[in-house]
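The values are calculated or read from the model by the stated rules, or taken from the named source; none is laboratory data. Quick caveat, the model's predicted, so the values are computed rather than measured. For neighbour counting, all protein chains shown are included, and Cβ atoms are generated from backbone atoms with ideal geometry for every residue, glycine included.
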Amino acid sequence: KMKSAAAPFRETLQKLHRDHAPINSGAVASYIPELAGASPDWFAISVVTADGLRFDVGDSDRLFSIQSISKPFVFGLALEDHGREHVLSKVGVEPTGEAFNSIVLDEATNRPLNPMVNTGAIATADLIKGKDQAERFKRLMEMFRRYIGREAYVENATFLSERATGHRNRAIAHLMMNFGMIEDRVDETLELYFQQCSVLVDCHDLAVMGATLANGGVNPITGERALKAEYVKDLLSIMLSCGIYDFAGEWAYRIGLPAKSGVGGGIVAVIPGVAGIGVFSPPLDEKGNSVRGVRVCKELSERFGLHVFESG
Ligand code: GLN
């Protein structure tokens, strides 16, 4: 459908970009200096279809740290490493209704509620296999490479600031180790978590990552499989129910697309079978989601009837 309509669709995205550029609400994340340096004016929208058509508008090649958008993808790697049953014994799949950095664990099982919030993401990072820390890191980077279709890099300054200021994440990790939910290698696992958050991507990369999930786990640009087909639905269902922090329910209801946001200002959304959407705009709302990102996705969803349960 989109192929025949490529030119008008590109114009639609350009108009969306023009219409949303003047929005000036929200605030750039400031908890680490590396994020605080972002311009509130940076703004990009990218769409990549499951058959590899690409649409990029605005600052689509400006690099930023992926932050929490890494979480579903690392969850996928953990599933490949251990299988569903073991992973789900360490992390649940229940929305929290709480902020991304909430310290709450499930009272009955001591598990983090889901892999899309920090508790669950740290538990997930713990599951990455490797004979030593270097191999775990390399496997993490390999995973990102398959999704974005080029070498993945960690921005060292972001990583160092995450590590220097991550006291709350450190507390969460120690609490989970106390409960035996993660292994006795907290510092290593926290480093991996801070590194996964500090991977550099641009908005186009986000759309390719989304398109890879839309395409059953195969990157439509490179043709390389990034995730076993059987786990694609795990990522998509948890993104739909938990991907947008404590706005997840509202998002699922109004926009109806599996998605994940990060405090770097990125959002990735997936139209299953059809395309991936990336939006990048650093100013965040009070829940930590990109203001322009949420609005652009809402508008795209409404305009094209993209809600996964749309039947009209
Ligand atoms: N590195 C950030 C943190 O753990 C990621 C948060 C996010 O994108 N929501 O605080």
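Tallying residues that are within 16 Å of the ligand (Cβ to nearest atom) and either modelled with pLDDT under 95 or in a loop (DSSP other than H, G, I, E, B) (or both) within segment 224-246 yields 4. Within this structure, Ala229 fails the test of being free of Cβ contacts under 8 Å to residues at least 40 places away in the same chain and within 17 Å of Val201 (Cα to Cα).
Residue under question is His167, and the condition is that it be within 16 Å of the ligand (Cβ to nearest atom) and modelled with pLDDT of 95 or more; does it hold? Considered against the rule, which asks whether it is within 16 Å of the ligand (Cβ to nearest atom) and modelled with pLDDT of 95 or more, His167 comes out as yes.
For every residue, the table says whether it meets (1) touching an Asp or Glu at 6+ places or on another chain (Cβ under 6 Å); (2) in contact (Cβ under 8 Å) with a residue 12 or more places away in the chain.
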{"residue": "Pro72", "(1), (2)": "no, yes"}
{"residue": "Gly76", "(1), (2)": "no, yes"}
{"residue": "Arg84", "(1), (2)": "no, yes"}
{"residue": "Val91", "(1), (2)": "no, yes"}
{"residue": "Glu98", "(1), (2)": "yes, yes"}
{"residue": "Ile103", "(1), (2)": "no, yes"}
{"residue": "Ala108", "(1), (2)": "no, no"}
{"residue": "Lys138", "(1), (2)": "no, no"}
{"residue": "Glu142", "(1), (2)": "no, no"}
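Please verify whether Glu85 is surrounded by fewer than 19 Cβ atoms within 10 Å (Cβ to Cβ), over 18 Å from the mean Cα position of the chain (by Cα) and not β-branched (Val, Ile, Thr), treating the condition exactly as stated. Here the answer is yes, as Glu85 does meet what is asked. Selection of segment 121-157 for residues being within 15 Å of the ligand (Cβ to nearest atom) and either aliphatic (A, V, I, L, M) or within 17 Å of Thr189 (Cα to Cα) (or both) yields Ala121, Ile122, Ala123, Thr124, Ala125, Asp126, Leu140, Val154, Asn156, Ala157.
Quick one: in segment 158-191, of everything that is basic (Lys, Arg) and under 22 Å from the mean Cα position of the chain (by Cα), which residue is surrounded by the most Cβ atoms within 10 Å (Cβ to Cβ)? Within segment 158-191, the match that is surrounded by the most Cβ atoms within 10 Å (Cβ to Cβ) is Arg163.
Among the residues of segment 254-280, those identified as more than 16 Å from the ligand (Cβ to nearest atom) and in contact with a His (Cβ under 9 Å, 6 or more places away or on another chain) are Arg254, Ile255, Gly256, Leu257. Looking at this structure, is Ala173 small (Gly, Ala, Ser) and either closer than 30 Å to Asn215 by Cα or within 16 Å of the ligand (Cβ to nearest atom) (or both)? Yes; evaluated as a whole, the condition is true for this residue. Within segment 74-93, can one find any residue that is on the phi < 0 side of the Ramachandran plot, away from the ligand (no atom under 16 Å from the Cβ) and in a loop (DSSP other than H, G, I, E, B)? Within segment 74-93, one or more residues are on the phi < 0 side of the Ramachandran plot, away from the ligand (no atom under 16 Å from the Cβ) and in a loop (DSSP other than H, G, I, E, B). Within the option set Leu13, Leu53, being more than 19 Å from the chain's Cα centre (by Cα), surrounded by 18 or more Cβ atoms within 10 Å (Cβ to Cβ) and modelled with pLDDT of 95 or more holds for one residue only, Leu13.
Residues that are in contact (Cβ under 8 Å) with a residue 12 or more places away in the chain, more than 26 Å from Arg168 (Cβ to Cβ) and over 17 Å from the mean Cα position of the chain (by Cα) do not occur anywhere in segment 110-120.
Regarding segment 172-187, can at least one residue be identified that is touching a residue at least 12 places away in the same chain (Cβ under 8 Å) and within 20 Å of Ser261 (Cβ to Cβ)?
So far as segment 172-187 goes, yes, one or more of its residues are touching a residue at least 12 places away in the same chain (Cβ under 8 Å) and within 20 Å of Ser261 (Cβ to Cβ).
Taken over segment 120-144, the residue count meeting the criterion of being assigned to a helix (DSSP H, G or I) and surrounded by 18 or more Cβ atoms within 10 Å (Cβ to Cβ) is 12. Restricting the first member to segment 285-312 and to residues that are more than 15 Å from Ile271 (Cα to Cα) and assigned to a loop (DSSP other than H, G, I, E, B), and the second to residues that are modelled with pLDDT under 95 and acidic (Asp, Glu), the beta-carbon pairs closer than 8 Å and six or more apart or on different chains are Lys287/Asp246. Only one entry of Val263, Val308 meets the criterion of being of a type outside the set (Phe, Trp, Tyr) and assigned by TED's automatic domain parsing to the domain that holds Leu206, and that entry is Val263.
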